[in-house]
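Trainee: Provided herewith is a single structure, encoded as structure tokens, for subsequent inquiry.
All of the numbers you see were taken from the coordinates with simple rules; none came from a lab. Keep in mind that this is a model prediction, so the values were computed, not measured. We place every Cβ from the backbone using ideal geometry, glycine too, and count neighbours over all the protein chains shown.
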Amino acid sequence: MSDVLIHSIVLIIYLLVLLAIGGYFYKKSNNQNEYFLGGRNLNAWVTSMSAQASDMSGWLLMGLPGTAFLLTKNNSMAEAFWTALGLAIGTYINWLILAKRLRKYTEHSNDSITIPTYLESRFKDKTHLIRMISAIFIVLFFLIYTAAQFSAGAKLFNAIFGIDYLWALLIGAVVIVAYTFLGGFLAVCWTDLIQGLLMFFAIILLPVIAVIKMGGTSNAFDLAASLAELPNGFGLAEWTGIGTLSLISILSIAAWGLGYFGQPHILTRFMGIKHSKDIKPARRIAMVWVVFSLGAAVLLGVIGKAYISTVVTPEQFAALDGEKILIYMAQNLLTGPVLAIIAGLILTAILAAIMSTADSQLLVTSSAISEDICRTIFKNIDDKKLIWISRISVLVVAIIAILIASDPNSSVFDLVSYAWAGFGAAFGPAILMSLYWKRMNWQGALAGILSGGIAVLVWRNLIKSYINLYELLPAFIVSVVVIVIVSLATSEPDAEVQKEYDEFMELDI
């Protein structure tokens, strides 16, 4: 039996397991709260793994190692280092200062089940502008974000199994849509638990095996240093770029961490945990996963380049795509009937990373359409109809995303970067400040959402060519400033809003 056939069998078994999970949770999603938040009944392990798996996507196993693979060229090792550090710090702060408060407030404030619903309820926005504009932002950004994940999955199928791009796109999309359509939030979160563990297993295992094959850590890094033409090896300057990267460049790269405060597909995991006291153990699990995974991803690019240089010709080495280093290593390190099964699991982990983000994005998008747009327009609609609107929305959004991703040359990284900045700047400051500032009012929240989103568009398209700074950082600052100015320039929140905030602050959080 060939290695490729074994890889295929492992992948098919994995996909069938995901479909079975969707079918199992189908009957457990009878209302909007259950379909979108699992009845707020997630345990610490599922919450932490689902939050991190839906966060990282295929970028963790392909994008970050691919950046480190370039070594010192254009300070790529330093870029990978600061990106990983920024994301790790952002993850920790998000869990530390936002998760518990958001979980408590969304249940305390009219049992909100989506981010737009929470923001409207928090400020008692009778105009419904916050909810509608937030929902529109979510639909637009996630259409592109989901298309990027579908495209990445199709490229993976195409690279490993030689399946035509369009057929690969359809296969991956059908499986993701099926278990999301059937089981909703619970199906997505439990599959994320499996996917998160697979991702962790893959990213940790491969660098270790490669180092053993090359005779130890010293040999591996010496070879990598020789490829980067560094006779004295890798020092602090090579890893961090200090001395070659400007402060503004470092801040720009690390600013990815700011995006966590506004990502709807991550924040809903905090809202769905069974009890706020479970946040602390979930945070510990999540941080172990994040620190080891991000560190291993950077090392995978460096060690992977050294290893793969020993098994291919110089011509093949020069033509390698760094973002596929995990695929190359799995195919070359793990051969033969037994090891090919492990290779199949590792290759499946890349698909798992992609799917764990795509399913979450589909679910959040469908919630924006049904819960935030349809419920606002049709106030007397019942839960059963809303659930079916949600499920149909998953199908419609997926079809549009497939059409967007149908071009094999679709750029994945740029789209993800754009959407991450858009969500981070539009929602991050508004959500964070809504949980900590009593004086903030609905006018300030609305102005912050609009200014953050618009600032991302303006900076990326008109300013970035002159000041090479990731648009999330300036847009985040603009949103914070606008929220403060507009809130102070307009009337204080109603007595009801302030009373509810005071009651929330008295809760045991």
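Trainee: Whole angstrom only: what separates the Cα centroid of region 317-342 from the Cα centroid of region 487-509?
Mentor: Result: 56 Å between the Cα centres.
Trainee: Next question, about the same structure. Could you check the simple spin-label distance between Thr127 and Val458, using points 7 Å along Cα→Cβ, in nm with one decimal?
Mentor: Each label point lies 7 Å from its Cα, and together they span 1.9 nm.
Trainee: Under Stokes-Einstein, with the Kirkwood radius over Cα pairs standing in for Rh, what whole-number D in µm²/s applies to region 441-509 at 10 °C and 1.306 mPa s?
Mentor: 116
Trainee: Here's a follow-up. Within region 313-395, which trypsin sites (Lys or Arg not before Pro) sit in a loop by DSSP and count at most 14 neighbouring Cβ atoms inside 10 Å? Working shown, then result.
Mentor: On the way: sites: Lys324, Arg375, Lys379, Lys384, Lys385, Arg391; in loops: Lys379.
Passing sites in region 313-395 are Lys379.
Trainee: Can you give me the relative contact order of the chain as a percent, contacts being Cα pairs under 8 Å and 6 or more apart?
Mentor: The normalised contact order for the chain reaches 31 percent.
Trainee: Just check region 367-446 against the gyration tensor rule for me: Cα atoms, a ≥ b ≥ c as the square roots of the eigenvalues, rounded for a/c under 1.5, and otherwise prolate or oblate depending on whether a/b exceeds b/c.
Mentor: Working: a/c = 3.64, a/b = 1.14, b/c = 3.20.
Oblate.
Trainee: What are the trypsin sites (Lys or Arg not before Pro) within region 186-289 that DSSP puts in a loop, where the Cβ has at most 11 other Cβ atoms within 10 Å?
Mentor: On the way: sites: Lys213, Arg269, Lys274, Lys277, Arg283, Arg284; in loops: Lys274.
Passing sites in region 186-289 do not exist.
Trainee: Here's a follow-up. In the chain, if the dipole is taken from +1 on Lys/Arg beta carbons and -1 on Asp/Glu beta carbons about the Cα centre, which of Thr83, Ala237, Ser249 is farthest to the positive end?
Mentor: Thr83
Trainee: Tell me the net charge near Gly452. Cut-off is 15 Å between Cβ atoms, Gly452 excluded, with +1 for each Lys or Arg and -1 for each Asp or Glu.
Mentor: Numbers: positive: Arg460; negative: Glu471.
Net local charge, Gly452 excluded: 0.
Trainee: Please list 461-469, 9-17 highest first by mean number of surrounding beta-carbon atoms within 10 Å per residue. All intermediate terms of the calculation are to be shown ahead of the outcome.
Mentor: On the way: 461-469: 11.2, 9-17: 15.6.
Top of the packing list down: 9-17, 461-469.
Trainee: How large is the dipole of the chain about the Cα centre if only Lys and Arg carry +1 and Asp and Glu carry -1, each at its Cβ, rounded to the nearest 20 debye? Don't skip to the answer; put the middle values down first.
Mentor: Working: 32 positive and 33 negative charges, 153 e Å.
Dipole of the chain, to the nearest 20 debye: 740 debye.
Trainee: Based on alpha-carbon centroids, what's the gap between region 197-225 and region 132-180 in Å, whole number please?
Mentor: The distance from the Cα centre of region 197-225 to that of region 132-180 comes to 31 Å.
Trainee: Moving to a separate point now. Please get the size of the charge dipole for region 389-471, origin at its Cα centre, with Cβ charges of +1 on Lys and Arg and -1 on Asp and Glu, quoted in debye to the nearest 20. Each step should come with its number before you reach the end.
Mentor: Numbers: 5 positive and 3 negative charges, 74 e Å.
Using Cβ point charges on Lys, Arg, Asp and Glu, region 389-471 gives about 360 debye.
Trainee: Classify region 46-166 from the C-alpha gyration tensor, please: rounded if a/c falls under 1.5, else prolate or oblate depending on whether a/b exceeds b/c.
Mentor: Prolate, because a/c is 1.5 or more and a/b exceeds b/c.
Trainee: So for each of 483-489, 196-202 I average, over its residues, the number of other beta carbons within 10 Å; can you give me the resulting order with the highest mean first?
Mentor: Working: 483-489: 17.6, 196-202: 22.4.
Result, highest mean Cβ count within 10 Å first: 196-202, 483-489.
Trainee: A further question follows. Tell me which DSSP H helices of the chain clear both cut-offs, 20 Å or more of axial length from alpha-carbon atoms and a mean Kyte-Doolittle hydropathy of at least 0.0.
Mentor: Qualifying helices: 3-24, 76-93, 129-161, 165-213, 279-308, 337-367, 383-405, 412-434, 442-458, 472-489.
Trainee: Another question, if that's okay. Compute for region 390-487: radius of gyration divided by Kirkwood radius, i.e. Rg/Rh, restricted to C-alpha atoms, rounded to two decimals.
Mentor: Values: Rg = 16.2 Å, Rh = 14.9 Å.
Rg divided by Rh gives 1.09.
Trainee: OK, next. Highest mean first, how do 151-164, 330-343 rank when packing is the count of other Cβ atoms within 10 Å averaged over residues?
Mentor: Working: 151-164: 20.4, 330-343: 17.6.
Highest-to-lowest ranking by the protection proxy: 151-164, 330-343.
Trainee: Follow-up question, since we're still on this one. Above 46 angstrom, tally the Cα pairs of the chain and express them as a % of all pairs, no decimals.
Mentor: Details: 13777 of 129286 pairs.
Everything past 46 Å amounts to 11 percent.
Trainee: What FRET efficiency comes out for Val208 versus Leu320 if R0 is 25 angstrom and r is the Cβ-Cβ distance? Round to the nearest 0.05.
Mentor: Numbers: r = 21 Å, r/R0 = 0.85.
For Val208 and Leu320, the calculated efficiency is 0.75.
Trainee: Find out how many positive minus negative residues lie around Ala159, taking Lys and Arg as positive, Asp and Glu as negative, among other residues whose Cβ is under 13 Å from that of Ala159.
Mentor: Details: positive: Lys155, Lys324; negative: Asp164, Asp321, Glu323.
Once positives and negatives cancel, what remains is -1.
Trainee: Okay, next question. Using only DSSP helix segments of four residues or longer, with each worth -39500 (n - 2.57), what per-residue ellipticity at 222 nm results for the chain after dividing by its residue count and rounding to 500?
Mentor: On the way: 22 runs with 367 residues, N = 509.
Rounded to the nearest 500, it is -24000 deg cm²/dmol.
Trainee: Net charge near Thr376, counting Lys/Arg +1 and Asp/Glu -1 over other residues with Cβ under 12 Å of its Cβ?
Mentor: Values: positive: Lys126, Arg131, Arg375, Lys379; negative: Glu120, Asp125, Glu371, Asp372.
Result for the local shell: 0.
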